[in-house]
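Undergrad: Pasting in a structure now, in structure tokens, and then I'll have a few things to ask.
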Amino acid sequence: MMSGEKVICRRVSDGVLINIPHTFDLKQIADSGQCFRLTALQDGGYVAVTDMKLVKITPGTNGGYVFHCPYDEFRDVWMPYFDLSADYEAYQQKMAGDLFLREAIAAGGGIRVLRQNLWEMVVTFIISQRNNIPRIRKAVDILCQTFGTPLGEIDGQQFYSFPTPAQLRGQDLSPASLGYRESYVKEMAEYDEDFWVQLQKQDDDTARKTLIALRGIGEKVANCVMLFGLHRMDSYPRDVWINRMIDDIYHGNFDPSQYAGFAGYVQQLQFFYYRKTAKEESV
DNA sequence: CACCAGGTAGGAT
DNA sequence: ATCCTACATGGT
């Protein structure tokens with residue numbers, strides 16, 4: 001490995017310490033818009049949830065984070081979830097020729113493309129259409145609290161799994177205020193488990209077509225599901241921000257295929273940084 | 001009271 | 001194929 005990221009990963013008394021200095025930052029990930037269920041605690045810590053697993057993560061005393069869980073769980077669940085085995089520094093080096101991406105790395109280089117649950121991503125990004133990020137987070141939260149399974153309490157707060165299709169099937173989803181998206185979600189819940197299993201096995205083009213054929217999923221949501229739910233790293237979702245950014249920064253001319261194998265990571269960096277600068281200007 | 005928010009379906013051209 | 005518009009809801 002040419003770049004050789006300096007990764008510290010070892011057992012400590014209360015869990016597992018992980019430190020990847022330039023390419024793993026939970027605050028940046030939580031603000032990156034790919035994940036709506038990473039919860040910030042008072043002290044700079046976070047709670048992460050995936051499937052039926054729940055973990056408390058606190059800042060390490062010399063940087064990095066401590067995952068408060070057994071080592072086996074860290075290795076089998078959280079390493080893959082946060083994509084910690086991939087060499088993001090190598091990706092970053094391949095972006096060095098692009099000024100905007102160098103700035104984006106300086107601002108958000110700690111972002112990683114998470115491997116989230118496929119079904120959860122389908123529902124979450126259906127909800128995301130023509131919606132804003134705080135409201136997406138709230139709707140997902142209500143779905144979990146109302147229809148999910150309690151997983152445990154951390155710092156006095158109860159956390160829940162994302163509801164399975166069976167848990168949503170036939171339910172009145174109105175507490176989540178999904179608006180016109182509610183019928184889309186209800187229809188999604190009617191597909192059986194095997195449908196989603198088959199989707200994971202399909203190649204990129206087939207999977208994208210399968211997704212777009214579903215009511216409520218167009219090209220953009222399909223690409224988000226591909227990237228965040230199927231970890232298809234060549235997927236490059238184009239939303240309003242990415243389109244504005246391409247117009248603004250690249251004069252309407254940007255080809256993600258030049259970053260084959262990590263175009264989705266490039267998209268995340270661009271999305272994060274362009275939105276961040278827009279927010280700062282609007283203040 | 002307008003306008004906006006990680007778009008999409010369904011219909012018209 | 002490509003363009004047009006309605007769409008639920010809650011926040012400025």
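The values are calculated or read from the model by the stated rules, or taken from the named source; none is laboratory data. Remember, it's a predicted structure, so these values are computed and weren't measured experimentally. Every residue, glycine as well, gets a Cβ built from its backbone with ideal geometry; the counts of neighbours run over all protein chains shown. Just so you know, the surface numbers come from the protein's heavy atoms only, side chains and all, with ligands and any DNA or RNA stripped out. Shrake-Rupley method; radii C 1.70, N 1.55, O 1.52, S 1.80 Å.
Undergrad: So if each residue of separation counts as 0.36 nm, and I subtract the Cα-Cα distance between A:Y180 and A:V12, what length gain in nm does that give?
TA: That works out to 55.6 nm of additional length.
Undergrad: Amide H to amide H under 5 Å from A:L151: which residues, 5+ apart in sequence or cross-chain, H placed 1.01 Å off N in plane?
TA: Amide H neighbours of A:L151: A:F159, A:Y160, A:S161.
Undergrad: Anyone know which of A:A166, A:A139, A:A263 comes out most mobile in the 10 Å Cα GNM of chain A?
TA: A:A166
Undergrad: Only four residue types carry charge here, +1 at the Cβ of Lys and Arg and -1 at the Cβ of Asp and Glu. Report the dipole size of region A:204-283 about the Cα centre in Debye, rounded to the nearest 20. It would help to have the intermediate numbers written out before the result.
TA: On the way: 10 positive and 10 negative charges, 63 e Å.
For region A:204-283, the charge dipole is close to 300 debye.
Undergrad: Let me ask another. What number comes out for the charge environment of A:V7, summing +1 per Lys or Arg and -1 per Asp or Glu over other residues with Cβ under 13 Å away?
TA: Overall, the nearby charge balance is -1.
Undergrad: Cut-off 10 angstrom, C-alpha nodes, Gaussian network model of chain A. Which of A:I249, A:I18, A:I217 fluctuates the most?
TA: A:I249
Undergrad: Taking the square root of 5 times each eigenvalue of the Cα gyration tensor, what semi-axes in Å does the equivalent ellipsoid of region A:8-108 have, largest first? Could you put the intermediate results ahead of the total?
TA: Numbers: eigenvalues 121, 46, 35 Å².
After diagonalising the Cα gyration tensor, the semi-axes are 25, 15, 13 Å.
Undergrad: May I pose another question? May I ask for the longest run of chain A untouched by trypsin sites (Lys or Arg not before Pro) that are loop-located per DSSP and have at most 14 neighbouring C-beta atoms (other than their own) within 10 Å?
TA: In short, A:7-129.
Undergrad: Tell me the net charge near A:T58. Cut-off is 11 Å between Cβ atoms, A:T58 excluded, with +1 for each Lys or Arg and -1 for each Asp or Glu.
TA: -2
Undergrad: How large is the charge dipole for chain A, taken about the Cα centre, if only the Cβ atoms of Lys, Arg (+1) and Asp, Glu (-1) carry charge, to the nearest 20 debye?
TA: For this selection, approximately 320 debye.
Undergrad: Note down the relative contact order for chain A as a percent, whole number, built from C-alpha pairs under 8 angstrom at least six residues apart.
TA: Dividing the mean separation by the residue count of chain A yields 18 percent.
Undergrad: Per-residue ellipticity at 222 nm for chain A, helices alone: DSSP H runs ≥ 4 residues times -39500 (n - 2.57), over residue total, nearest 500 deg cm²/dmol?
TA: -11500 deg cm²/dmol
Undergrad: Please give the direction-averaged projected area of the C-alpha convex hull for chain A, in square nanometres with one decimal.
TA: That works out to 15.7 nm².
Undergrad: Roll a 1.4 Å probe over the protein chains and send me the accessible area per residue for chain A in Å².
TA: Result: 47 Å² per residue.
Undergrad: Rounding to the nearest 20 debye, state how big the charge dipole of region A:118-228 is about its Cα centre with +1 on each Lys and Arg Cβ and -1 on each Asp and Glu Cβ.
TA: 460
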